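Q: Structure incoming, see below.
Here, each number is a calculation from the coordinates, and none is a lab measurement. Since this is a predicted model, take the numbers as computed values, not measurements. Glycine also receives a Cβ, built like all others from the backbone with ideal geometry; neighbour counts cover every protein chain displayed.
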Amino acid sequence: MSAPSLANAIIKRPWLAKMVKPIAAWYADAAGYRKLGLRADDLIPEESENVLLALKRLPQKEAYDRVFRLRRAFQCSLAHQLLPKEQQTKPEEDYPYLSPIIQQVEAEAKERDDWDAAVVQRK
Amino acid sequence: MRVSFKLLEDFGINVNRLNTTQRPQLRRHRDPSITNSFQTMISRSAVGRNAQLALRRQCCAKPAPLNRRGLAAVSTGSTSFSYESADVGGIKVASRDVAGLTTSLAVVVKAGSRYQPLPGLTVGLEGFAFKNTHRRSALRITRESELLGGQLLAYHTRESLVLEAKFLREDLPYFTELLGEVVSQTKYTDYEYHEEVEHNIKLSQQRLLADVSDLALNSAHGIAFHRGLGTPLYPTSSTPLSKYLNDETIHQFANEAYTKSNIAVVANGANQADLSKNVSEFFTGVKSSAIPISSPASKYYGGEERIAHGSGNSLVLAFPGSSSFTAGGSYKPEISVLAALLGGKSSIKWTPGFSLLAKAASSFPGASATTTHFSYSDAGLLTIQFTGSAQAIRGASIEAVKSLKSIAEGSISKEDFTKAVALARYRALEEGQSTDAGLVSTGAGLVHGGKPFQIDEVGKSVQGVTAEKLKSAAKALLEGKATVSAVGDLYVLPYGEELGLKRRNNPKLYISSQPTATHNGIRMESIRSHTDKTCKLNSYNKYLSVAARVVRRSLKDDKRLAAERRGESELRMAKWNNGKQGEHQNVAEANAASMAEAAGSPAS
């Protein structure tokens with residue numbers, strides 16, 4: 001799911017992070033999904049085994065809220081409208097709720113691949 | 001690259017990868033808990049630096065790498081079949097240093113189905129054995145054990161949950177560490193529960209539902225002991241599991257169960273000193289318990305249950321048995337001799353054998369009978385189980401009860417008795433000698449505060465059984481209330497009464513009144529007792545029964561008949577005079593007497 005990202009490299013350097021953060025915040029806001037009441041993690045394509053598994057692992061409340069946000073956004077999109085200001089996603093609400101789980105699933109798959117590729121030599 | 005496989009390299013295995021450009025660490029890991037666990041695995045800094053050193057030293061101490069798996073290196077075992085036990089930092093450790101190249105190591109936890117606070121928790125905890133821990137993933141545990149040639153098992157009995165590892169003798173440190181980790185650092189994640197554990201529990205429920213003989217045995221235990229030991233070994237399919245079982249309740253139960261006083265580490269084929277050293281290093285994460293896990297003392301009830309079932313028939317007749325040898329005082333070896341004498345399955349080929357049930361069943365082709373004695377820490381259950389066609393079971397069970405009666409009358413031949421003692425002794429010794437049974441019974445014995453399973457003593461006590469003892473044991477069984485559980489075609493399968501077994505025990509409920517209490521007459525007409533203030537209990541019981549009777553008599557005929565039937569009371573009481581208990585009297589009879597008395601005297 002994950003595209004190559006510079007985020008980790010930037011976060012490691014506080015001075016750089018300080019510079020980039022306002023730009024990142026402006027960019028996320030300008031992307032427009034928040035105006036439909038979505039979160040960044042709602043935009044992750046579902047069509048992969050890892051993401052499907054991660055969605056199954058979501059807590060019940062999170063899963064319900066996710067479906068609600070998606071349906072509301074579809075409705076807005078069909079009506080060619082934006083949500084009223086107070087219903088739009090606030091920046092502090094736009095936290096990654098799904099991607100940590102996807103990373104965990106990916107890590108498991110990776111570990112399995114690693115073990116499958118391991119070669120054993122008896123000393 | 002090799003660093004991440006350090007754990008294995010300590011044990012002489014070198015893991016390389018095919019594709020050397022691949023990095024074994026999980027780079028994109030952002031979940032802090034997982035990243036941390038991998039870091040600790042790589043550096044092994046957080047847990048057990050001493051342990052790590054000790055591991056290395058052990059490997060270095062081996063004379064030559066080529067000899068590591070040679071015979072000479074491991075010929076330290078003795079041929080003793082008795083367990084040495086010790087207390088290592090609050091954890092009970094027992095081992096038996098049998099000569100051989102392999103070791104079985106088990107953590108026996110006092111968390112069997114008897115001790116589960118909610119239905120299914122034991123099975124859930126068993127399902128979480130060897131799953132993700134804070135240090136390594138379930139996959140890693142599996143693959144590493146495979147590489148070392150080890151086997152990992154988790155199973156439970158009614159009293160114990162057993163986490164067992166079988167491996168080559170020199171891998172003792174690795175597997176001790178693994179078991180210590182499973183006990184103290186398993187994560188109990190919700191997704192593992194939903195993806196792996198829950199499904200297995202559902203399958204085990206279905207398996208139980210399809211298995212007639214297991215169903216009958218569970219039902220017999222349930223009738224015999226009600227709660228505690230009577231809890232089914234696996235939750236039945238109609239148990240509402242989702243209400244009780246989830247990762248949190250299991251985690252909580254694990255915290256209660258995996259505590260120092262509640263577990264015993266038992267090894268077969270390991271040196272006691274080695275094992276103690278390893279346990280003291282690797283079981284440091286185990287907490288000591290605040291509230292010890294407990295279950296009410298077992299009490300035998302008895303009764304009858306019939307379950308209709310479409311696939312197969314099974315009938316279980318059960319009687320109160322003896323507790324296990326490790327429990328100490330309440331161990332009765334004559335029950336195991338009785339089990340051998342009743343028998344059912346021949347131990348020799350091409351002959352039904354000497355056992356009474358085998359002879360009885362041989363005239364009913366299609367039925368097979370087995371006698372098993374289930375012994376627990378504070379109770380036991382002697383079961384005779386029949387399986388086969390319903391008609392054959394019916395015939396064979398009638399014969400079986402006849403043969404049990406013949407034992408009680410003492411009309412068995414001396415030869416049969418000698419054979420039974422020999423077989424019972426052989427079975428006891430064989431059980432002690434076999435690794436698995438010995439591990440579990442020793443562990444269970446230690447956790448329940450008894451003694452380890454000592455094979456020599458068991459053999460001796462079985463040999464000491466006399467024909468007289470056997471006869472009185474059989475008599476006691478027949479006089480008590482039997483447990484009868486029939487599963488299958490209920491139209492044909494017999495009731496306990498049809499077999500000639502007693503249904504009713506002596507009344508169990510005794511209510512003794514205060515020492516100074518005296519009886520008082522009761523006036524039927526006014527439904528009021530002349531209550532003496534010192535005589536509350538007796539009078540209250542009488543008052544209740546009188547009131548109940550009057551209410552019953554005022555009912556319509558059809559309702560009244562049903563109510564009268566329910567109203568048969570077994571309540572007994574005794575009168576205390578000068579600190580001495582008088583004779584027990586049935587409350588109903590006493591009432592009748594006092595009524596007669598009251599009818600004689602003029603009404604007040």
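Q: Which length gain, in nm to one decimal place, applies between residue B:280 and residue B:206 when the Cα-Cα distance is subtracted from 0.36 nm times their residue separation? Could the numbers behind the result be given before it?
A: Numbers: separation 74, 0.36 × 74 = 26.64 nm, distance 4.11 nm.
Full extension of this stretch gives 22.5 nm more.
Q: Continuing with the same structure: Straight-line reach from residue A:21: which lysines fall under 19 Å, measuring Cα to Cα and dropping same-chain residues less than 8 apart?
A: Straight-line reach from residue A:21, under 19 Å: A:12, A:90.
Q: Restricting to Cα pairs below 8 Å that are 6+ residues apart, what does the relative contact order work out to for chain A? Please round to a whole percent. Don't skip to the end; give the middle numbers.
A: Working: 73 pairs, mean separation 42.6, N = 123.
Relative contact order for chain A comes out at 35 percent.
Q: Could you state the angle between the C-alpha long axis of helix A:99-116 and the longest principal axis of the C-alpha atoms of chain A, as a value from 0 to 90 degrees rounded to the nearest 10?
A: The angle comes out at about 20 degrees.
Q: With a point put 7 Å past each Cα toward its Cβ, work out how far residue A:13 is from residue B:436 in nm, to one decimal.
A: In this crude label model, residue A:13 to residue B:436 measures out at 6.2 nm.
Q: Counting helices only, and only those DSSP H runs with n ≥ 4, report the 222 nm mean residue ellipticity of chain A as the sum of -39,500 (n - 2.57) divided by its residues, in deg cm²/dmol to the nearest 500.
A: Working: 5 runs with 70 residues, N = 123.
Rounded to the nearest 500, the figure is -18500 deg cm²/dmol.
Q: Right, another one. For labels at residue A:85 and residue B:491 in the simple 7 Å Cα→Cβ model, what's the distance in nm?
A: The two pseudo-label positions are separated by 8.0 nm.
Q: Among the lysines in region B:354-465, how many pairs, 8 or more places apart or on different chains, have alpha carbons under 18 Å apart?
A: On the way: B:359/B:402; B:359/B:405; B:359/B:414; B:359/B:419; B:405/B:414; B:419/B:460; B:451/B:460.
Taking region B:354-465 as the scope, the lysine pair count is 7.
Q: Next question. Once Rh is set to the Kirkwood radius over Cα pairs, what Stokes-Einstein translational diffusion coefficient, in µm²/s, holds for region B:303-504 at a temperature of 4 °C and a viscosity of 1.567 mPa s? Mind showing how you got there, number by number?
A: Details: Rh = 17.3 Å.
Once the numbers are plugged in, D ends up at 75 µm²/s.
Q: For labels at residue B:226 and residue B:550 in the simple 7 Å Cα→Cβ model, what's the distance in nm?
A: 3.1
Q: Beyond a 32 Å Cα-Cα separation, which of these cross-linked pairs lie in this structure: B:345/B:481; B:92/B:299; B:345/B:469; B:345/B:475; A:35/B:243; B:260/B:481? Spell out each step's value before the answer.
A: Working: B:345/B:481 26 Å; B:92/B:299 28 Å; B:345/B:469 24 Å; B:345/B:475 23 Å; A:35/B:243 40 Å; B:260/B:481 39 Å.
Listed pairs above 32 Å: A:35/B:243; B:260/B:481.
Q: First measure r as the distance between the Cβ atoms of residue B:301 and residue B:238, then evaluate 1/(1 + (r/R0)^6) with R0 = 30 Å and state the FRET efficiency to the nearest 0.05.
A: 0.85
Q: Between region B:140-173 and region B:280-352, what's the alpha-carbon centroid distance in Å?
A: Here the answer is 25 Å between Cα centres.
Q: Under the rule of at least 5 residues apart or a separate chain, name every residue whose amide H is placed under 5 Å from the amide H of residue B:156.
A: Amide H to amide H, under 5 Å and 5 or more residues apart or across chains, residue B:156 pairs with B:162.
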